[in-house]
Every structure is written in C-alpha cells, then in structure tokens.
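The values are calculated or read from the model by the stated rules, or taken from the named source; none is laboratory data. Every value quoted in this text rests on a predicted model; they were computed, and no experiment measured them. Using ideal geometry, Cβ is built from the backbone for each residue, glycine included, and neighbour counts are taken over all protein chains shown.
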Amino acid sequence: MSIWNKILVGLICLASPFFFYMAARMLKTTEKWSGDATRLQKQIEQLEKENEQLIEGVEKADGTVGPGIRQLRIELHKLLVDRRRAWFKCVPSIKLERDGRTAEITVTIDKPDPHGIAKKTVLQAFEEADTRKKGRYLGEFAVTTAAGKQVTLVPTKRLTDREIDKLDKAKKAKHSWMLYELMPQDNRDIFASLTDEQKRSLLPASRVPEYLKDGKSAAEDDPQERVVDGKYVRQLLDYSVLFNAEYEKQTLLRDSIEAATRDKKLVEEALALGREQEEACKRDISAATKDRVKFFLQRDIVAAHLKILQEKATAMQAAVERFIEWNRAMAGQIAKSQLEAARRIDLRTRAMARSESGRP
C-alpha cells in the first residue's frame with residue numbers, strides 16, 4: 001500500500017467519527033422532523049376541520065347546527081337589509097327652540113371616515129345607552145348639511161312638548177347617539193333570546209304578557225291568526241307606522257285641544273261678558289228697587305193726598321149740590337118775584353091808562 005493510500009485511510013478513519021456523528025444527527029433530525037411533520041399535519045387537519053366548522057357551522061348532539069361564518073354572514077346581511085347603514089358613537093350638540101317647536105343637532109361622526117351621509121338623508125336617532133339607563137328613541141331627522149365629520153340634523157316634523165323635553169333630557173344626559181338609515185325592524189328572535197326578567201325590565205307593563213307568551217303553547221281562547229303549529233305567535237310591529245300614526249293622533253289631539261282651548265276662551269269671554277251684564281242688571285235691579293221704594297212712597301203719599309182730595313171733592317160736591325139746590329130755590333123765588341112785579345106793573349099800567357082816558 002502506498003503512502004498516499006495509507007494517508008487516505010488515515011484521513012478516512014479520522015473523518016469517520018465525524019461522519020457517524022453527522023449521520024446520527026441527520027437521523028435524529030429526520031426523525032424529529034418526521035414527528036413534527038406528522039404533528040403539524042394533524043394540526044393542519046384539525047385547523048382545516050375547525051375552519052370548516054367556523055365557516056359551515058357545528059352540528060350539535062341534538063341535531064341542530066350552530067351558526068358558522070356563512071350563516072352569520074346571511075344573518076348579518078338580513079340585519080343590514082333591515083336597517084341599511086348605521087353609525088355609532090356619534091357625539092351630538094343640541095340646540096332647542098321651544099317657541100318654534102324645532103331643534104338643530106350637530107353630530108360628530110369619527111367612524112367610518114368618510115361617513116358617507118349625504119344632504120337630505122333621513123335618519124332615525126337613538127341614544128347609545130340601554131333602556132334601563134334611560135336610553136330612548138329620539139326621533140326622525142333630516143340632514144341639512146354634511147361637511148367633514150360634522151352632520152347637521154333637523155326634525156322632519158314639528159316637535160311636541162314631550163319630544164322637546166326628551167331632547168332636553170338627552171342633552172343633559174350627554175349620551176352618544178346611534179343613527180340608522182332605516183327604523184330597526186321588530187325581530188322575534190332578539191326577544192326570544194331574552195329572559196322573562198329582562199323582558200319585564202325592558203318592556204312596558206301592558207305589553208309584557210304578549211312577549212312572555214310568544215313562542216309558547218297557545219291557549220284555547222287565543223285568536224286563530226296568532227296560533228302557528230300549536231304555539232302563540234305575537235304580531236310583529238312596524239315601528240315607523242306606529243310612530244307616524246301616534247304623531248298623527250297627537251297632532252289631531254293637539255288640534256282638538258287648541259280648538260277646545262279657543263272655544264273655552266270664547267266661552268269664558270262670553271261668560272265674563274254675561275257676568276258683566278249680570279252685574280249691570282243687578283245694579284239696574286238695585287237702582288230700580290230703590291226707585292220702586294221711592295215710587296211706592298210717593299204712591300202712598302199721592303194716595304193719601306188723593307184720599308184727602310177725594311174727601312174734599314166729596315164735601316165740595318155736597319156743597320155744590322146744596323148750592324145748586326139753593327140756587328134753584330133762589331131762582332124760583334126770583335121768578336116768582338118777577339112774575340109778581342110784572343103783574344103789579346101790568347096792573348099799574350092799566351090803571352094809569354084808564355085814568356088818562358077818563359074811563360072808570
């Protein structure tokens with residue numbers, strides 16, 4: 001064997017431990033990577049299964065399927081179709097005009113940017129607070145200006161005193177607002193997810209029984225149109241129609257009140273005039289009563305005087321009658337005296353005539 005072969009064998013012997021070590025490391029690495037690959041493959045398969053469950057939903061033991069991304073997207077689409085666009089965390093600045101029964105609200109919308117609200121858009125406004133924290137529906141507003149993040153709103157209808165008070169309370173509460181392009185629709189599933197206590201705390205007492213009964217076994221006296229598959233189903237409400245009908249009712253009631261107030265004012269004025277006339281009549285009656293007393297007094301005086309005059313007249317009548325009788329008697333005596341005088345004159349005239357003629 002040549003020296004070079006010996007050197008090569010020596011080098012191979014020297015390098016063999018290193019190659020054995022590298023081979024062992026490679027084997028160990030291959031084994032580890034194979035294990036990691038198997039584990040990662042299982043994880044990939046598990047993640048793919050989880051992804052599929054997240055997308056398609058999970059079938060539960062009772063046969064129902066928990067909603068996945070696909071179902072949730074459909075539900076989200078339904079919600080968006082019902083309400084269209086919505087804006088949250090809107091910061092309002094409210095100016096009220098009680099005399100004009102109107103308001104001007106400037107809201108600041110940070111997200112989304114840009115907000116996409118155009119002029120003349122009609123929006124439904126809510127306080128961004130739970131009803132148990134006095135959050136409430138604030139009304140329907142129209143956009144007058146939309147510049148940057150600032151949007152100016154005015155009511156679409158003339159505000160009532162109750163609505164003005166509601167906006168005033170919202171101004172003091174300083175809650176952020178939620179704006180909806182459409183009035184949210186009544187949804188049976190939302191209320192079905194609430195407990196009976198939550199329903200009692202959220203809903204008016206007069207409507208609680210209907211919501212508590214919804215989805216439960218129907219009673220015999222329930223209307224047939226409310227019974228589906230043996231269960232009571234409450235009627236869904238269209239809040240826009242209800243609010244508009246309520247506003248019209250309030251308008252008619254307000255007009256009736258104003259008309260009744262005007263009629264009341266006219267009646268009160270007529271009553272006041274009647275009372276004035278009554279007082280004038282009372283004064284006239286009082287004056288007439290006093291005049292009547294005076295007239296009765298004067299009547300009594302006149303009656304007494306008349307009695308005296310009648311007595312005097314009766315006495316004078318008797319005196320006149322006596323005087324007439326006396327005149328008659330005197331007239332008879334005068335007539336008798338005249339006849340006697342005429343007879344004597346006639347006798348004397350005849351006597352003188354005979355004496356002048358010489359006759360006896």
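Here are some notes:
- Checklist (1) over 21 Å from E246 (Cβ atoms); (2) among the hydrophobic types (A, V, I, L, M, F, W, C); (3) touching a residue at least 40 places away in the same chain (Cβ under 8 Å); (4) assigned to a loop (DSSP other than H, G, I, E, B) applied to A118, failing item: (3)
- Residue check, L194 modelled with pLDDT of 85 or more, of a type in the set (A, V, I, L, M, F, W, C) and surrounded by fewer than 16 Cβ atoms within 10 Å (Cβ to Cβ): no
- The number of residues in the range 159-178 being among the β-branched types (V, I, T) and farther than 24 Å from L253 by Cβ comes to 0.
- Only a single criterion out of (1) of a type outside the set (S, T, N, Q); (2) without any contact (Cβ under 8 Å) to a residue 40 or more places away in the chain; (3) surrounded by 12 or more Cβ atoms within 10 Å (Cβ to Cβ); (4) outside the structural domain of T108 (by TED's automatic domain parsing) is not satisfied by L202, namely (2).
- Boolean, K231 is under 30 Å from R188 (Cα atoms), basic (K, R) and either surrounded by 10 or more Cβ atoms within 10 Å (Cβ to Cβ) or in contact with a helix residue (DSSP H, G or I) (Cβ under 6 Å, 6 or more places away or on another chain) (or both): yes
Each row is one residue, and each column tells you yes or no for (1) exposed (fewer than 13 other Cβ atoms within 10 Å of the Cβ); (2) under 23 Å from the mean Cα position of the chain (by Cα).
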residue: G135; (1), (2): no, yes
residue: L138; (1), (2): no, yes
residue: V143; (1), (2): no, no
residue: A147; (1), (2): yes, no
residue: P155; (1), (2): no, yes
residue: A170; (1), (2): no, yes
residue: Y180; (1), (2): no, no
residue: K213; (1), (2): no, no
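- Which listed residue, of E325, E340, is surrounded by 10 or more Cβ atoms within 10 Å (Cβ to Cβ), at pLDDT 85 or above, assigned to a helix (DSSP H, G or I) and charged (D, E, K, R): E325
- The C-beta contact set for the range 87-113 (first residue at positive phi, second residue of a type in the set (V, I, T) and surrounded by 14 or more Cβ atoms within 10 Å (Cβ to Cβ), distance under 9 angstrom, 6+ apart or interchain) comprises K89/I109; R101/T160; R101/I164.
- Residue in the range 254-277 that is within 30 Å of L182 (Cα to Cα) and either more than 49 Å from the chain's Cα centre (by Cα) or in a helix (DSSP H, G or I) (or both) present: yes
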